[in-house]
Amino acid sequence: MANPIEVEHLWEGFRPRNKRGTIRRRGAWHWALTDITLSIEAGETFGVLGPNGAGKTTLLRSLAGVLRPTRGRVETIGRVASLIDLGAGVSRDLTGHENLLIGGVLLGLSRAEVRAKYDDIVAFSGIDPAVLSKPTHTYSQGMALRIAVGVVLYSDPAVLLVDEILAAADERFRARCIRRIDELRTNGTAVVLVSHDLALIETVATRAGVLHKGQFRHVDTAVETVAQYREWAKTAPADAVRPRGGWRRQVR
Amino acid sequence: MTGRGKRRTSELWWTLVERQIRLRAKRTLFGALWPAFSPFLLLALYVFVFHSVFRVPVRRYPVYLFAGLLPWTFLAQTLAQGPTAISNDPDLVRRAPFRYEILPLSLVGVMAVYFIATLAMFVAYLAIQGELVWKMLLVLPLPVIALSLFIGGVVMILSIVDVYTRDVRLVLGNIITVWFFLVPIVYRPAMAKGAVRSLRRVDPMNMLVGVFRDVLYQGHLSRPLNTVLILGICAVFFAVCLAVFRHFAVNLPRDV
């Protein structure tokens with residue numbers, strides 16, 4: 001059986017923009033990902049490490065099907081759920097219940113499916129159901145995050161993409177999320193976890209890769225990759241994510 | 001698109017329509033009633049200006065005016081918000097893959113709900129006054145569908161253009177004002193001469209206002225074939241706009 005995630009020679013490019021923010025016809029493209037090939041099995045957790053601007057979120061967006069490959073091929077099997085930009089679609093004036101429904105439908109669940117999973121999601125988020133009938137702007141950011149994460153983790157995904165989102169959660173909720181992700185993985189979900197938390201990658205991921213300047217520099221077992229990344233971070237030049245032409249040219 | 005894909009698209013469309021209607025109702029006293037009532041406020045103003053002051057020679061002028069003003073308000077209110085239908089929700093586009101035309105079309109859906117509510121009030125008023133030709137209610141869905149398709153097409157194009165250049169939203173208000181006076185809404189068609197009359201021949205809004213007026217004011221279709229023809233033209237226009245939208249929407253998450 002084919003793997004739930006297959007990536008072959010993936011390139012993701014962005015067209016150049018001028019100072020006013022409009023897209024230019026001419027000029028060099030910015031390549032966020034260059035020639036990525038990756039295969040992730042069902043029930044596997046793959047960790048992605050790398051400095052800011054390395055292309056981690058772009059990789060997740062490609063796997064989520066949001067970005068079409070500029071070159072190459074990305075194939076996923078089954079429902080893809082992503083914990084990226086959880087604030088998208090959340091309206092602060094709507095109630096938690098209304099936002100929960102919208103979040104679920106955006107993920108590809110039917111309204112009936114969202115209603116069927118409603119109790120599980122609310123129980124997972126740990127929020128009093130009475131509070132969910134109040135506008136979201138009356139909650140803390142953390143509570144809004146819990147609802148959004150709950151919807152994603154109870155959408156029965158075949159592929160789960162997690163982007164550093166757990167960093168904003170408190171310790172108890174984070175532990176609950178990791179338990180749920182592990183449950184999903186045991187049931188055959190392929191998980192891609194982007195994080196700067198090396199200990200988390202070491203404990204949760206089976207394999208991991210270091211992404212740098214849009215390319216995988218190292219892919220191995222999670223323990224080995226984290227060890228390599230720690231070494232690399234000590235010796236990496238300060239300009240690891242320096243823009244084309246250098247910082248001075250950007251400032252000017 | 002598969003059956004599941006179609007169901008997902010229609011559920012998402014309806015969920016976004018519901019979300020916008022709920023959002024418009026939040027932190028207001030009369031909620032979603034305002035957009036449904038705003039055409040009546042315009043009606044009062046225009047009746048005063050064009051009937052009482054300029055004395056436009058039309059029998060039952062308020063009914064004549066409202067039969068044209070109602071579809072126009074649907075168009076003008078939707079177009080005014082159309083350019084930002086995608087630009088205002090960039091995170092939504094970047095979060096999950098879906099048919100992006102749902103965003104402008106959900107706006108059309110919201111405004112259509114208000115339009116139909118106002119239309120129902122107007123029809124009820126005509127019925128109470130004894131001015132309604134009941135059999136014309138069977139024809140009424142045709143111009144409503146045609147108008148929705150026409151507005152849907154225009155809004156899709158405006159929303160995708162706005163992603164790449166914001167100039168359209170800045171000039172659109174002026175275009176709508178000029179367009180309003182080219183369509184015979186506040187005056188009789190025969191009162192305009194020359195170039196304006198020629199321009200009207202190619203303006204779908206002129207034809208649509210004519211059909212609405214036939215149904216709600218005249219009580220008979222002056223050109224029955226035209227009613228079917230305009231529905232066909234609007235359906236083709238919508239299909240062309242959808243194809244153009246999809247062509248340019250391929251890179252939307254990258255460009256928005």
Scope segment A:34-70; condition away from chain B (no Cβ under 14 Å) and assigned to a loop (DSSP other than H, G, I, E, B); matching residues: A:E41, A:A42, A:G43, A:E44, A:G50, A:P51, A:N52, A:G53, A:A54
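Checking the structure you have, find out if any residue of segment A:74-84 is out of contact with any helix residue (DSSP H, G or I) (no Cβ under 8 Å at 6 or more places or on another chain) and either β-branched (V, I, T) or facing another protein chain (nearest Cβ under 9 Å) (or both).
Scanning segment A:74-84, I find at least one residue that is out of contact with any helix residue (DSSP H, G or I) (no Cβ under 8 Å at 6 or more places or on another chain) and either β-branched (V, I, T) or facing another protein chain (nearest Cβ under 9 Å) (or both), so the answer is yes.
Going by the structure shown, is B:L12 out of contact with any Phe, Trp or Tyr (no Cβ under 7 Å at 6 or more places or on another chain), part of a helix (DSSP H, G or I) and in contact (Cβ under 8 Å) with a residue 40 or more places away in the chain? Lay out the reasoning, then the answer.
Details: out of contact with any Phe, Trp or Tyr (no Cβ under 7 Å at 6 or more places or on another chain): no; part of a helix (DSSP H, G or I): yes; in contact (Cβ under 8 Å) with a residue 40 or more places away in the chain: yes.
No: the conditions fail for B:L12.
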Any hit, segment B:29-48, residues being within 30 Å of A:L59 (Cα to Cα), at pLDDT below 85 and surrounded by fewer than 16 Cβ atoms within 10 Å (Cβ to Cβ): no
Residue in segment B:79-95 that is surrounded by the fewest Cβ atoms within 10 Å (Cβ to Cβ), counting only those that are small (G, A, S) and more than 14 Å from chain A (Cβ to nearest Cβ): B:A80
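Being among the small types (G, A, S) and under 23 Å from B:R59 (Cβ atoms) is the filter here; which residues of segment B:211-256 pass it?
Taking segment B:211-256 and keeping what is among the small types (G, A, S), we get B:219, B:222, B:232, B:235, B:239, B:243, B:249.
Scanning segment B:211-256 gives B:G219, B:S222.
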Residue ID - farthest from A:D163 (Cα to Cα), chosen from residues in segment B:101-111 that are buried (at least 21 other Cβ atoms within 10 Å of the Cβ) and away from chain A (no Cβ under 12 Å): B:M111
Search result, residues across segment A:1-50 that are under 28 Å from A:L184 (Cα atoms) and modelled with pLDDT under 90: A:M1, A:A2
Every residue from segment B:45-83 that is polar (S, T, N, Q) and over 16 Å from the mean Cα position of the chain (by Cα): B:S52
Residue, surrounded by the fewest Cβ atoms within 10 Å (Cβ to Cβ), within segment B:129-144, restricted to residues that are of a type in the set (A, V, I, L, M) and farther than 15 Å from B:G210 by Cα: B:L138
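Just give me the residues in segment B:27-48 being among the aliphatic types (A, V, I, L, M), without any contact (Cβ under 8 Å) to a residue 40 or more places away in the chain and not in a loop (DSSP other than H, G, I, E, B), in sequence order. Can you show your working first?
Residues of segment B:27-48 that are among the aliphatic types (A, V, I, L, M), as a first pass: B:29, B:32-33, B:36, B:41-45, B:47.
Next, from what is left, pick out any that are without any contact (Cβ under 8 Å) to a residue 40 or more places away in the chain: B:29, B:33, B:41-45, B:47.
Within segment B:27-48, B:L33, B:L41, B:L42, B:L43, B:A44, B:L45, B:V47 qualify.
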Criterion violated by B:R24 - all others in (1) within 14 Å of chain A (Cβ to nearest Cβ); (2) touching a residue at least 60 places away in the same chain (Cβ under 8 Å); (3) touching a Lys or Arg at 6+ places or on another chain (Cβ under 8 Å); (4) farther than 23 Å from B:R246 by Cα satisfied: (3)
Answer residue from segment B:227-253, given it is farther than 25 Å from B:V211 by Cα and among the β-branched types (V, I, T) and is modelled with the lowest pLDDT among those: B:V250
Segment A:10-32, subset within 12 Å of another protein chain (Cβ to nearest Cβ) and part of a strand (DSSP E or B), residue nearest to A:L63 (Cα to Cα): A:E12
Those residues of segment A:121-143 which are under 23 Å from B:L23 (Cα atoms), free of Cβ contacts under 8 Å to residues at least 12 places away in the same chain and aliphatic (A, V, I, L, M), in sequence order: A:A130
Qualifying helices (runs of 4 or more DSSP H) (wholly inside segment B:147-256; at least 1 residues being within 14 Å of chain A (Cβ to nearest Cβ), of a type outside the set (S, T, N, Q) and in contact (Cβ under 8 Å) with a residue 40 or more places away in the chain): B:167-182, B:224-249, B:252-255
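May I ask you to verify whether B:A120 is among the aliphatic types (A, V, I, L, M), away from every other protein chain (no Cβ under 14 Å), farther than 29 Å from B:V250 by Cβ and free of Cβ contacts under 8 Å to residues at least 24 places away in the same chain? Before you say what the answer is, go through the steps one by one.
Numbers: among the aliphatic types (A, V, I, L, M): yes; away from every other protein chain (no Cβ under 14 Å): yes; farther than 29 Å from B:V250 by Cβ: yes; free of Cβ contacts under 8 Å to residues at least 24 places away in the same chain: yes.
Against the criterion (among the aliphatic types (A, V, I, L, M), away from every other protein chain (no Cβ under 14 Å), farther than 29 Å from B:V250 by Cβ and free of Cβ contacts under 8 Å to residues at least 24 places away in the same chain), B:A120 qualifies.
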Lone qualifier among A:S125, A:S110, A:S91, A:S133 - being polar (S, T, N, Q) and over 24 Å from the mean Cα position of the chain (by Cα): A:S133
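If you scan segment A:2-28, which residues turn out to be over 22 Å from the mean Cα position of the chain (by Cα) and touching a residue at least 40 places away in the same chain (Cβ under 8 Å)?
A:A2, A:A28
Of B:F74, B:F98, B:F66, B:F115, which residue is within 14 Å of chain A (Cβ to nearest Cβ), of a type outside the set (K, R) and surrounded by 15 or more Cβ atoms within 10 Å (Cβ to Cβ)?
Values: B:F74 fails: within 14 Å of chain A (Cβ to nearest Cβ); B:F66 fails: within 14 Å of chain A (Cβ to nearest Cβ); B:F115 fails: within 14 Å of chain A (Cβ to nearest Cβ).
One residue alone meets the criteria, B:F98.
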Segment A:98-120, subset more than 11 Å from chain B (Cβ to nearest Cβ) and either aromatic (F, W, Y) or under 17 Å from B:L23 (Cα atoms) (or both), residue surrounded by the fewest Cβ atoms within 10 Å (Cβ to Cβ): A:Y118
Members of segment A:102-112 that are over 20 Å from A:C177 (Cβ atoms) and either in contact with a His (Cβ under 9 Å, 6 or more places away or on another chain) or in contact (Cβ under 8 Å) with a residue 40 or more places away in the chain (or both): A:G108
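The values are calculated or read from the model by the stated rules, or taken from the named source; none is laboratory data. Being a predicted model, the structure only gives us computed values, none of them experimental. Note that each Cβ is placed from the backbone with ideal geometry, even for glycine, and that neighbours are counted across all protein chains shown.
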